[in-house]
């Protein structure tokens, strides 16, 4: 082959290679959204097409709801008593353990009391003095009538008898004021059950010295006329004092109950609203029995709890608008097991995210913080 032809062919090849390289370098970079990206800039409007695991639902019509809430049977104030001793002494015996049902008058605590022994001795002494003074008065009365005694001696005997009688009366009252019978009182005092029921707790131990009037324990009668109920706020707006409802026990026993009042503040320990309902109809439960109270609730929309998410301290739901979801604040109501009442913020017929709403919550938080929109 001609050498000149070879050189020309080689030059043409180099020129073509160089032009091709320049063409590639001159190509501008691609612009616009790529796969898996979104052109939406508003962090409150979230695209749905790349989010998996979402289940949508239509907001149902409002309905009047009622729910059963756990409660506890407690004794009425008239069924509760404080155990105490009217005299000071030392506890020598605890005859009945807490929790055991006993009939009225059953001995619970035995107290050895020197004070009681002194009071009984004072009464016996004053009684003997009164008897001697009365006998002396009778003798002086006979002597005076037989003109063998003087009026002065008779008047003195009257005075002595009156003083002795007053001393005996004071000693008797000292015992009766402590709830004791002077005739049967001794050096031992027994604290007895005021009615049928059980000791809920002792506040003194065997061998402990106690003062008169000191609380030794608490006693509860066998029946409980009150159901104590605690609800999370907000309070049911339709529940007013005097309203009737139903209370049930796990074995199927039921009672009618009347709401006694509505709480003004939250409880200090549980931060809930505490209600009292008075039971009626049928044998009452014993204190501490677990109960359930039917609470009528206001008419409202009910959604699953998974649909409600808390974003930046605000409860809301994600409403579907076209191919996007928008977070809408709502006013949360009472919980109903796995559901919750929504009082404001959504309307029947709207489409909201039911299951998987937490995924949109995470996406919104990422977008507001400047992070990636999608994994």
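The values are calculated or read from the model by the stated rules, or taken from the named source; none is laboratory data. Fair warning: this is a prediction, and the values are worked out from it, not measured in the lab. Backbone-built Cβ (ideal geometry, glycine too); neighbour counts: all protein chains shown.
Residue count for region 143-154, restricted to those that are loosely packed, with under 12 Cβ neighbours inside 10 Å and assigned to a helix (DSSP H, G or I): 3.
Listed residues 272, 278; which is within 15 Å of the chain's Cα centre (by Cα) and touching a residue at least 40 places away in the same chain (Cβ under 8 Å)?
Numbers: 278 fails: within 15 Å of the chain's Cα centre (by Cα).
Criteria check complete, one pass: 272.
When 287, 296, 283 are screened for being within 30 Å of residue 62 (Cβ to Cβ) and either assigned to a strand (DSSP E or B) or modelled with pLDDT under 90 (or both), only 296 passes.
Is at least one residue of region 208-224 within 23 Å of the chain's Cα centre (by Cα), surrounded by fewer than 20 Cβ atoms within 10 Å (Cβ to Cβ) and in a loop (DSSP other than H, G, I, E, B)? Within region 208-224 (the criterion being within 23 Å of the chain's Cα centre (by Cα), surrounded by fewer than 20 Cβ atoms within 10 Å (Cβ to Cβ) and in a loop (DSSP other than H, G, I, E, B)), the answer is yes, since at least one residue qualifies.
Per the conditions (1) modelled with pLDDT under 80; (2) at positive phi, the sole criterion not satisfied by residue 252 is (1). Tally time: how many residues in region 190-207 are in a strand (DSSP E or B) and exposed (fewer than 14 other Cβ atoms within 10 Å of the Cβ)? So the answer is 1. Can you tell me which of 329, 283, 233 is closer than 27 Å to residue 350 by Cβ and in contact (Cβ under 8 Å) with a residue 40 or more places away in the chain? Unique residue meeting the criteria: 233. In this entry, residue 160 is excluded by the filter for residues that are under 25 Å from residue 213 (Cβ atoms) and in the same structural domain as residue 211 (by TED's automatic domain parsing). When region 155-189 is examined, which residues are found to be touching a residue at least 60 places away in the same chain (Cβ under 8 Å) and surrounded by 15 or more Cβ atoms within 10 Å (Cβ to Cβ)? Hits for region 155-189 are 178, 180, 182, 185, 187, 189.
Residue-wise test of (1) outside the structural domain of residue 192 (by TED's automatic domain parsing); (2) modelled with pLDDT of 75 or more; (3) surrounded by 15 or more Cβ atoms within 10 Å (Cβ to Cβ).
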site: 9; (1), (2), (3): yes, no, no
site: 12; (1), (2), (3): yes, no, no
site: 18; (1), (2), (3): yes, no, no
site: 28; (1), (2), (3): yes, no, no
site: 31; (1), (2), (3): yes, no, no
site: 40; (1), (2), (3): yes, no, yes
site: 58; (1), (2), (3): yes, yes, no
site: 72; (1), (2), (3): yes, yes, yes
site: 85; (1), (2), (3): yes, yes, yes
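Counting residues in region 107-114 that are farther than 21 Å from residue 92 by Cα and not assigned by TED's automatic domain parsing to the domain that holds residue 287 gives zero. If only residues of region 228-246 that are under 17 Å from the mean Cα position of the chain (by Cα) and at pLDDT 90 or above are counted, the one that is surrounded by the fewest Cβ atoms within 10 Å (Cβ to Cβ) is 228.
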